[in-house]
1. Mind listing whichever residues of the stretch 258-275 are under 11 Å from the mean Cα position of the chain (by Cα) and among the small types (Gly, Ala, Ser)?
2. Look at the stretch 81-99 and say how many of its residues are part of a loop (DSSP other than H, G, I, E, B) and among the β-branched types (Val, Ile, Thr).
3. Is there a residue in the stretch 100-117 that is assigned by TED's automatic domain parsing to the domain that holds Gly259, part of a strand (DSSP E or B), within 23 Å of Ile246 (Cα to Cα) and among the polar types (S, T, N, Q)?
4. Can you find even one residue in the stretch 207-219 that is free of Cβ contacts under 8 Å to residues at least 24 places away in the same chain, crowded, with 17+ Cβ neighbours inside 10 Å and of a type in the set (Ser, Thr, Tyr)?
5. So which residues in the stretch 348-384 are of a type in the set (A, V, I, L, M, F, W, C), assigned to a loop (DSSP other than H, G, I, E, B) and more than 23 Å from the chain's Cα centre (by Cα), if there are any at all?
6. Exactly one condition in (1) among the basic types (Lys, Arg); (2) over 27 Å from Met273 (Cα atoms); (3) surrounded by 20 or more Cβ atoms within 10 Å (Cβ to Cβ) is false for Lys163; which is it?
7. Considering every residue within the stretch 52-61, establish whether at least one is in a loop (DSSP other than H, G, I, E, B), at pLDDT 95 or above, in contact with a strand residue (DSSP E or B) (Cβ under 7 Å, 6 or more places away or on another chain) and not assigned by TED's automatic domain parsing to the domain that holds Lys363.
8. Go through (1) touching a residue at least 40 places away in the same chain (Cβ under 8 Å); (2) farther than 16 Å from Arg375 by Cα; (3) not small (Gly, Ala, Ser) for Asp61 and report which single condition fails.
Amino acid sequence: MDRISLLKNQIRNYQWGSKTAIAELLHLAVPSDQPQAEVWIGTHPIAPSQIYFEEKWTGLDEVIRLYPQDILGKVCHERFKGHLPFLFKILAVETPLSIQAHPNTAQAREGFEREEKLKIPLNAPQRCYKDRFHKPEMICALTPFQALVGFRKFSQIIQLFNKVRTPFIAPILDLFEKNQTEEGLRIFFETLWSLQTEERKNIIQGTLAIAKKYSGSDPIYEWVTRLGKIYPDDIGVLAPLFLNLITLQPKEAVELASGILHCYLEGLAVEIMANSDNVLRCGLTHKHINAPELLRITHFTESYPEVLTPQKSESGEKKYLSRAEEFSLAEITLQEDTAHFFSTHNTVEIILCLQGEINVTNKQSGEIISLKRGRALLIPGAVGHYSLKGNGFLYKASLPK
């Protein structure tokens, strides 16, 4: 199997998605009937892509099972036991996602086996561990993209809470102020998520009443206010006070390791991750929440995310530096009448066109495929060399070379 092939990818409809962004990108009816939140490009069993193979659309996972080494390449095939190790996505965030974190490999294996023994169906709403894998991920903005990522400095958390301090939260806050450590933050966080209904209601309402006064001049309190309108009974509305608020500009990215608490707020982006769907949630969602399990896997450390920009490489593409073993992300900008030549280095690649129209030529067979905006294609490792020509903008998912 050494043919470059178009992919057909599934759209995931979640409440936080957009009725216009993905529909416009994929040339579908606008607005869509339901909010379209994600496009999944890969082989995850929940929503595997299809590949045009032998004159029909076939599951990409099925074709890889038939030709694992041809498609994945020798090293990828051996290292990841015949599986595509990454999942490529388009995200359209119109309303905030849940506050969440992802497990490391040991936690994922243990959690998966535990829920298997409990015989919780994989598609059950209360299922937390859908597979045995960790989920490092990278989010790369296509439009200005806002997110909450990692815990603020302890002193800043106290300062921000003190600005909206009420008698209801004062005792909890005072304890943290006396113990500004990782353990102190863990206790502060756990206490907030263990509040009884009336206590929680008093803290939320009191905080929102004061935050509104600052919302016009400070985006942190503006987001507290906005979240309060969407989830008025959820303690997660306080998240902007303890998590870093960041705004990524187009082509800027952030990499998220296991155990980093985060929440995507608004914008359009591409995302690449290890091929996993393990998510632990604690708020700002109608999905299943498992705060005790999230507390167990979360790192309660001060951290500020490093904003990544693509760095030019010898091949002409611009790569985002990543620590992940499962994926690499690059952006490619093409101008008319200039052909760019690439090698797969005998590993699988997926190319996603986000602007313009590109001709992709298999140098081995001479076959040319036209790739339009919103479409993706698979380049098997066995292809070896190919060229891109046209006027457009692409993202490429592959393995670290």
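1. Residues satisfying the conditions are Ala269, Ala274.
2. Result for the stretch 81-99: 1.
3. yes
4. There is at least one residue in the stretch 207-219 that is free of Cβ contacts under 8 Å to residues at least 24 places away in the same chain, crowded, with 17+ Cβ neighbours inside 10 Å and of a type in the set (Ser, Thr, Tyr).
5. None; the set is empty.
6. (3)
7. Within the stretch 52-61, not a single residue is in a loop (DSSP other than H, G, I, E, B), at pLDDT 95 or above, in contact with a strand residue (DSSP E or B) (Cβ under 7 Å, 6 or more places away or on another chain) and not assigned by TED's automatic domain parsing to the domain that holds Lys363.
8. Of the numbered conditions (1) touching a residue at least 40 places away in the same chain (Cβ under 8 Å); (2) farther than 16 Å from Arg375 by Cα; (3) not small (Gly, Ala, Ser), the odd one out for Asp61 is (1).
The values are calculated or read from the model by the stated rules, or taken from the named source; none is laboratory data. On a predicted model such as this, the values are computed, not experimentally measured, just so you know. Don't worry about glycine lacking a Cβ; one is built from the backbone with ideal geometry, like all the others, and counts go over all protein chains shown.
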